[in-house]
Amino acid sequence: MESTVDRTIPAATARTGRIDGPGRRRPLLARHLVTLARPGHAVKNLLAVPLALADTPQWTTAALARTAWAVLAFTLGASVIYVLNDIVDRRLDRAHPDKRRRPIAAGLVSVPVAGLFAAGLAGGLLAVLLAGPDLNWWPLVGYLGLCVAYSRWLKHLPLLDICVIAAGFVLRVLQGYAATGATASGLLLTAVFSGCLVLILGKRRHELTLAGIPHRPALAGYTVQLADHLLGMTAALASISFLLYLHTEAPLGVHRPAALAVVVPLGLLAAFRYLQTVLVGGAGGDPIRAVLRDRMIVTSAVLCGAVLTVAQLGARYPNLLTWMDR
């Protein structure tokens, strides 16, 4: 089977007119390998891991450096998983109208080359862990183990499959807590878990209307109606748990009322907009792209982040705002 796919590579690439000879294959192969690592998905780690800074008593340079190192390690670990998943799912991906264009499924990168690339990324991850600060890396190790179990078995179990993916984001945040040394907030972790379920359910709903069961066998346990009900439940849980976190545990100090007055309407607007893009616009196939390419969601998120950052700075360093007013 693999030899047949490999023999189709020259013909497939010849149709694109992008390869004229061996001299151009190496740059294209490098580009396909970068695509396999999905650098665009690093935003998951850039957003999730540093969430623990919200509960850190002091934003010191050391805490920020450890958090950045945790982001780097998680990014490399996630890239290893992406490559391995594409190897395992290459036959199923060929039945998907979008995923069939992935380098391995499309025959642009052979399985042996992809395996070597995954090994190289794993070596880079090991180097980062050994050379980095002395952190408790159990969330990252748990994430890697959970992803392997998901790829082999758990992805075929309806409902459990989406919970496992959301748990991966919770582990990202817990790695941030391990980097900063802060105490984990149960409400914040609940908001992360349920908020990620909203994104994942939007993707499942899109797959139900587009590719159907052949691409993802677990879809046999879902219907569009069930996905819609679960979207409503998880969106409500995410909103309530995050608002409770802001009301009770978030270190906003005396600036809490003003921050909530801005964050609550903007946060709800972003949630409403995402549900609109999924339920009305039929988006959600790529949740990261759907969120980052929507101006209303991005603008609301940036404003919320700015307000919460200023409020936390004012609560942690009250003299800072006094100095800025002079």
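The values are calculated or read from the model by the stated rules, or taken from the named source; none is laboratory data. Bear in mind that the values here come from a model prediction, so they are computed numbers and not experimental data. Cβ sites come from the backbone with ideal geometry, for glycine too, and all protein chains shown count toward neighbours. Just the protein is used for accessible areas: all its heavy atoms, side chains included, with ligands, DNA and RNA removed. Shrake-Rupley method; radii C 1.70, N 1.55, O 1.52, S 1.80 Å.
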| remark: Simple SL model, points at 7 angstrom along Cα→Cβ for residue 316 and residue 131; separation in nm is 2.8
| request: Specify which residue in the list 65, 156, 251 is farthest towards the positive end of the charge dipole of the chain, using unit charges on the beta carbon of Lys, Arg (+1) and Asp, Glu (-1), about the Cα centre. | output: 156
| Quick one: helix 138-152 against the long Cα principal axis of the chain, what's the angle to the nearest 10°, folded into 0 to 90? | 40
| note | Under the 7 Å Cα-to-Cβ spin-label approximation, residue 299 and residue 159 lie apart by a distance in nanometres of 4.0
| Taking Cα atoms, how many degrees apart are the long axis of helix 61-88 and the longest axis of the chain, rounded to 10 and kept between 0 and 90? | 30
| field | Solvent-accessible area per residue, Å², over the chain with all protein chains present [probe radius 1.4 Å] | value | 50
| note | The ³J(HN,Hα) series, computed from each phi in segment 120-132 with the Karplus coefficients 6.51, -1.76 and 1.60 at θ = phi - 60°, rounded to the nearest Hz and given as x for glycine or proline, is x, 5, 5, x, x, 5, 4, 5, 5, 5, 6, 8, x
| message | Using only Cα atoms and rounding to the nearest 10 degrees, what angle (0 to 90) does helix 224-248 make with the longest principal axis of the chain? | response | 30
| note | In whole angstrom, the spacing between the Cα centers of segment 40-119 and segment 192-262 equals 21
| request: Using θ = phi - 60° and the Karplus relation 6.51 cos²θ - 1.76 cosθ + 1.60, list the HN-Hα couplings for segment 43-55 in order, rounded to whole Hz, with x at every Gly or Pro. | output: 4, 4, 6, 5, 9, 7, 4, x, 4, 4, 4, 5, 9
| query | Just how large is the dipole of segment 238-326 about the Cα centre, in debye to the nearest 20, putting +1 at every Lys and Arg Cβ and -1 at every Asp and Glu Cβ? | reply | 140
| request: Could you please report the charge total around residue 49, scoring K, R as +1 and D, E as -1 over all other residues with beta-carbon less than 15 angstrom from its beta-carbon? | output: +2
| request: Hand me the chymotrypsin sites (Phe, Trp or Tyr not before Pro) from segment 109-210 located in a DSSP loop with no more than 12 other Cβ atoms within 10 Å, in residue order please. | output: 153
